[in-house]
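Worksheet: the structure to be examined is printed underneath.
The values are calculated or read from the model by the stated rules, or taken from the named source; none is laboratory data. Just so it is clear, the structure is predicted and the values come from calculations on it, not from any experiment. Cβ atoms come from the backbone with ideal geometry, glycine included; neighbour counts cover every protein chain shown. What goes into the accessible areas is simple: the full protein's heavy atoms, side chains included, and nothing from ligands, DNA or RNA. Shrake-Rupley method; radii C 1.70, N 1.55, O 1.52, S 1.80 Å.
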Amino acid sequence: MSLSLKAKRRLLIAAASIIIWYFCQFGISPLTNELMTSSGHLKEEIKPDTASSIKLQLQHFNDFSKLNHGRIAFRLHNLDDMAVNPPGIYAPLSCEDNADLTSTLAHKGVLDFKASVSTDLNMIFIGDSIAGQLAQAFDSAALEPQYDYESSSIKRTFSYMSKAKHICVTQSTIRGGGGTAYMRNSGILLSGAMIRIHQCKQGTTLWGTDLVASFLDNHHLGDEQPRRKEGRSFDAAILKIPALGWIKDIRSVTKEKIMEAIELVGKHFGAETVVISTLTFSNNVQTLNDWAGIQRVNEMIRQIARNWEPNNLNSVRWILVQEFGNFTNQMIWTNAKHIGYDVDLNFSVNGWEGVNADFLLDRFEQVSKFHYSHSKPMVCAKRPNSTNVQSCEYNNISPDGMHWCSPTLGPRYSASVACLLGCVYNRRLGYMVETETSNITNESVRVCEDECNQRFMSLVPVD
């Protein structure tokens, strides 16, 4: 009996999950078939023919001429390694005064490390303030210590309510010669929302041709030529669909709108690879129907990625899914269990996020007309005994029920982005081997994508 392609893929994913679990139990990296030191550095040189889809030759971290034609690499470090930035150093919400992580989340290899990234790729992060926070977390991993982010990278800001500076646009030249940029937008990119002059203000869904042009024409430091090459500037875009709240009704998010956003990124920014993050829980999820709608959108994102077919009208060749929702959900569920909620931590069951999820709606009383009240299991380190938000001892997961604590999540987020892009750009180590699109194996990229998500967008220990 011959298996269908879908059935074969399920078997591959199941096998990969078992292998990852086995190796993590015994301190062996499933990514390398090599023992790793506690900092995540490879102990031995990787052989070119070693059978793994996301190996990175980290011994030549800063020298891409020796990286076996790879274009992106990352390392994991102990938190006390002063050679790289503290995680999330540039992100505005650090949660430094919040309670320590619960004992489960503080387990060795889960969240107690930081990451550094080196790449010659140019990438742009697009989305709301949470996307901006995550872009800055990535910059923390990709820039050298003592870098002056305030004066060198932050290009545009705006004021809103009591906060004088909300970051709207950033652009940086990063370790390895590549570049990052961030464009704030509180909607799904639509062609009808494109205007001549970009507007930096709270909640705007408009985006300007002037900003696109400034991104495309920006020079790297020391470059004689601008980044634009053959009409193409960015190699990759990391898209975040705005949180529920900016989107008033989750049912308004459709396959057609997501695909339009992808096509616009290809058309205007020249990206050939798009990474889309799955949606997360937040204060703005008011009902279980809202939560079910988010799961529907996440499955829609996965289907778009799997079925994407490049065409001559668009530069986007690959769509990769970053299972950010899975990662944050595992943290919320684990925290909830620790502080006394009756939740099941079996994350291997398909659709586990939607089972008995009503505990997420255990909230404080609303104190602001501008924000919905916090979900207790999301933001509290101990289970509060009242509905007064003052009774919450804030945890190190989320400071406000919308954003995330960058030092906690930033390293896994950054390593995940680097890992996913490595699936496409690291040639022998990835799958874009400068061949025609028809000769690139989509199935192999999906296995690689799944390995990256299993490894970093979960609570599986890295050691």
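Only a single item in (1) open to solvent by less than 10 Å² (accessible area, probe 1.4 Å); (2) under 14 Å from the mean Cα position of the chain (by Cα); (3) in contact (Cβ under 8 Å) with a residue 60 or more places away in the chain is not met by residue 129, and it is number (1). Quick check on segment 104-120. Is at least one of its residues at pLDDT below 90 and in a loop (DSSP other than H, G, I, E, B)? Yes, because at least one residue in segment 104-120 is at pLDDT below 90 and in a loop (DSSP other than H, G, I, E, B). The sole residue among 343, 389, 285 that is touching a helix residue (DSSP H, G or I) at 6+ places or on another chain (Cβ under 7 Å) and over 20 Å from residue 104 (Cβ atoms) is 285.
So which residues in segment 344-361 are open to solvent by 50 Å² or more (accessible area, probe 1.4 Å) and in contact with a strand residue (DSSP E or B) (Cβ under 8 Å, 6 or more places away or on another chain)? If the condition is that a residue be open to solvent by 50 Å² or more (accessible area, probe 1.4 Å) and in contact with a strand residue (DSSP E or B) (Cβ under 8 Å, 6 or more places away or on another chain), then 361 is the only one that fits.
In segment 371-380, the count of residues that are surrounded by fewer than 18 Cβ atoms within 10 Å (Cβ to Cβ) and under 25 Å from residue 453 (Cβ atoms) is zero.
Checking each residue in segment 255-274 for being open to solvent by 40 Å² or more (accessible area, probe 1.4 Å) and either within 13 Å of residue 126 (Cα to Cα) or touching a residue at least 40 places away in the same chain (Cβ under 8 Å) (or both) picks out 255, 257, 259, 260, 263, 267, 268.
Scanning segment 286-304 for residues that are touching a residue at least 40 places away in the same chain (Cβ under 8 Å) and within 16 Å of residue 240 (Cβ to Cβ) yields a total of 5. Within segment 150-205, the only residue that satisfies the criterion of being in contact with a Gly (Cβ under 7 Å, 6 or more places away or on another chain), part of a strand (DSSP E or B), touching a residue at least 40 places away in the same chain (Cβ under 8 Å) and farther than 18 Å from residue 234 by Cβ is 167.
Scanning segment 315-333 for residues that are polar (S, T, N, Q) and open to solvent by 10 Å² or more (accessible area, probe 1.4 Å) yields 315, 326, 330. Being in contact (Cβ under 8 Å) with a residue 40 or more places away in the chain, closer than 28 Å to residue 237 by Cβ and among the small types (Gly, Ala, Ser) is the requirement here; does residue 348 meet it? So residue 348 does not fit the description; no.
Can you give me the number of residues within segment 275-314 that are farther than 25 Å from residue 372 by Cα and open to solvent by 20 Å² or more (accessible area, probe 1.4 Å)?
13
If you go through segment 381-410 and pick out every residue that is among the β-branched types (Val, Ile, Thr) and open to solvent by 30 Å² or more (accessible area, probe 1.4 Å), you end up with 1.
Report yes if residue 136 is at pLDDT below 90 and either at positive phi or not in a loop (DSSP other than H, G, I, E, B) (or both), otherwise no. No. Within segment 167-187, the set of residues being in contact with a Pro (Cβ under 9 Å, 6 or more places away or on another chain) and surrounded by fewer than 22 Cβ atoms within 10 Å (Cβ to Cβ) comprises 186, 187.
Looking only at segment 443-451, decide whether some residue is farther than 18 Å from residue 328 by Cα, at pLDDT below 85 and open to solvent by 50 Å² or more (accessible area, probe 1.4 Å). For segment 443-451, residues farther than 18 Å from residue 328 by Cα, at pLDDT below 85 and open to solvent by 50 Å² or more (accessible area, probe 1.4 Å): absent.
Sort out which residues of segment 50-95 are of a type in the set (Gly, Ala, Ser), at pLDDT below 50 and not in a loop (DSSP other than H, G, I, E, B), and write them in order of number. Before the answer, list the steps.
Of all residues in segment 50-95, those of a type in the set (Gly, Ala, Ser) come to 51-53, 65, 70, 73, 83, 88, 91, 94.
Narrowing further to those that are at pLDDT below 50: 51-53, 65.
Passing the criteria: only 65.
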